[in-house]
Amino acid sequence: MTSALFSPFRLAGLELANRIVVSPMCQYSADDGSATDWHMMHLGMLANSGAALVVVEATHVERSGRITHGCLSLYSDDNELALARVIAQCRRAGTARFGIQLAHSGRKGSAERPWEGGGALKAGADPWPTMAASAIPFGDNWHVPRVVTEEDMARVREAFVSSAKRALRIGFDAIELHMAHGYLMHGFMSPISNKRAGAFGGSLENRLRFPIEVARAVRAAVPKDIPLGARITGSDWREGGLTPDDAVAKALKGAGLDFICVSSGGVAADIRNPSEPGYNVPIAERVRREAGIATRTVGLIVKPEQAERIVADGKADMVSMARCFLDDPHWGWHAAKALGADVARPRQYLRAGPTLWAPAAAKA
Ligand SMILES: Cc1cc2nc3c(=O)[nH]c(=O)nc-3n(C[C@H](O)[C@H](O)[C@H](O)COP(=O)(O)O)c2cc1C
């Protein structure tokens, strides 16, 4: 059997061994934005998961653009040095390639870590002022953001470029812009959170203007052979919000991006995503068909056969998974076994895998 999930895929100058991507996952464990030994362990574990690409968690481009006090960032030389140490070791010891997601939290910043409650930081917990397209809080009891000015836009755009340059110096194989889940960029795109008048609000074209400016500026700094993409919210799952009819992916492709990851939801605190398996897949299929761009999808993809069908049926070029890699850090190995394929393993672990499952070993 030839597995589509385990077939190679080329993204710009990057050759991926298979279509499996570990989805970015915030760890809330950085020290003033700098990666710690937790990241060494977490990313080291995922480096040998069988996924061709591991995308490092939302990494913030300015200090006030973090979600929590523990969020990873690339706004300082210290941040760059700490992440370079982790990624260098992961590359030495692991089989995966590494991408990074660059982000700005917007009105969802100044928040508690999930295990502290996940709400807005309270007075006494060192909260900071947030900003967004419009002065509308994310939900009840959230900070009211100030309105982003054109000076803020210029600074944030340069911060994305500067962090992308730091990511390139670290040696990342791919860069992804976080334009989903209600953070600053998606906050501009969605009519639910963007009520601005003028050039950056109103029509879809205007709401996309700032995110597109950021994408173009980063593209100009990232060599063509390094894949640059974005994660988008394919649907706000709310009347009056973004829908798959809004050709966000097509516009981003026009800004020079190489791939789109289709996620959804996150624009307001009371919105719930659907709970059926692969709920973003139909949106990804449409993006792939209509925008003609390499497409990844995510969201309740758990089983090897489910992931295989998504790729084999041409619904997405790549699948990303988050929670099942935390549950089973060798998910890619086990999927390969289930689908009659194989993955690269570090030489220290070669005695596990196919030889372990061979009939002789099974009898022993
Ligand atoms: C612990 C955790 C942290 C996450 N952090 C991020 C993040 O940094 N950036 C992002 O785009 N999505 C983030 N997500 C969302 C996941 O990348 C993914 O889209 C979501 O969990 C759905 O995929 P799943 O059903 O495979 O878990 C996070 C999810 C989890 C569970």
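The values are calculated or read from the model by the stated rules, or taken from the named source; none is laboratory data. A quick note: this is a predicted structure, and the numbers were derived from the prediction, not measured. FYI the Cβ positions are ideal-geometry reconstructions off the backbone, even for glycines, and counts take in every protein chain you see. To get the accessible areas, we keep the full protein, side chains included, count just its heavy atoms, and leave off ligands, DNA and RNA. Shrake-Rupley method; radii C 1.70, N 1.55, O 1.52, S 1.80 Å.
Taken over segment 155-180, the criterion of being among the charged types (D, E, K, R), farther than 19 Å from ALA12 by Cα and surrounded by 20 or more Cβ atoms within 10 Å (Cβ to Cβ) is satisfied by ARG166 alone.
What about SER193, is it at pLDDT 95 or above, surrounded by 24 or more Cβ atoms within 10 Å (Cβ to Cβ), at negative phi and of a type in the set (S, T, N, Q)?
In short, yes.
Contact annotation: residue pairs with Cβ atoms under 9 Å, 6 or more positions apart or on different chains, pairing a residue in segment 318-342 that is free of Cβ contacts under 8 Å to residues at least 12 places away in the same chain and assigned to a loop (DSSP other than H, G, I, E, B) with a partner that is within 16 Å of the ligand (Cβ to nearest atom) and open to solvent by 10 Å² or more (accessible area, probe 1.4 Å), are ASP328/HIS334. Within segment 144-154, the set of residues being open to solvent by 50 Å² or more (accessible area, probe 1.4 Å) and touching a strand residue (DSSP E or B) at 6+ places or on another chain (Cβ under 8 Å) comprises ARG146, VAL147.
The strands (runs of 3 or more DSSP E) located wholly in segment 1-119 that include 3 or more residues which are surrounded by 24 or more Cβ atoms within 10 Å (Cβ to Cβ) occupy 20-22, 53-60, 97-103.
Taken over segment 120-138, the residue count meeting the criterion of being surrounded by 18 or more Cβ atoms within 10 Å (Cβ to Cβ) and among the aromatic types (Phe, Trp, Tyr) is 1. Residues that are in contact (Cβ under 8 Å) with a residue 24 or more places away in the chain and open to solvent by 80 Å² or more (accessible area, probe 1.4 Å) within segment 343-360 comprise just one, TYR349. Within segment 265-285, at least one residue is within 16 Å of the ligand (Cβ to nearest atom), of a type in the set (Asp, Glu) and open to solvent by 50 Å² or more (accessible area, probe 1.4 Å).
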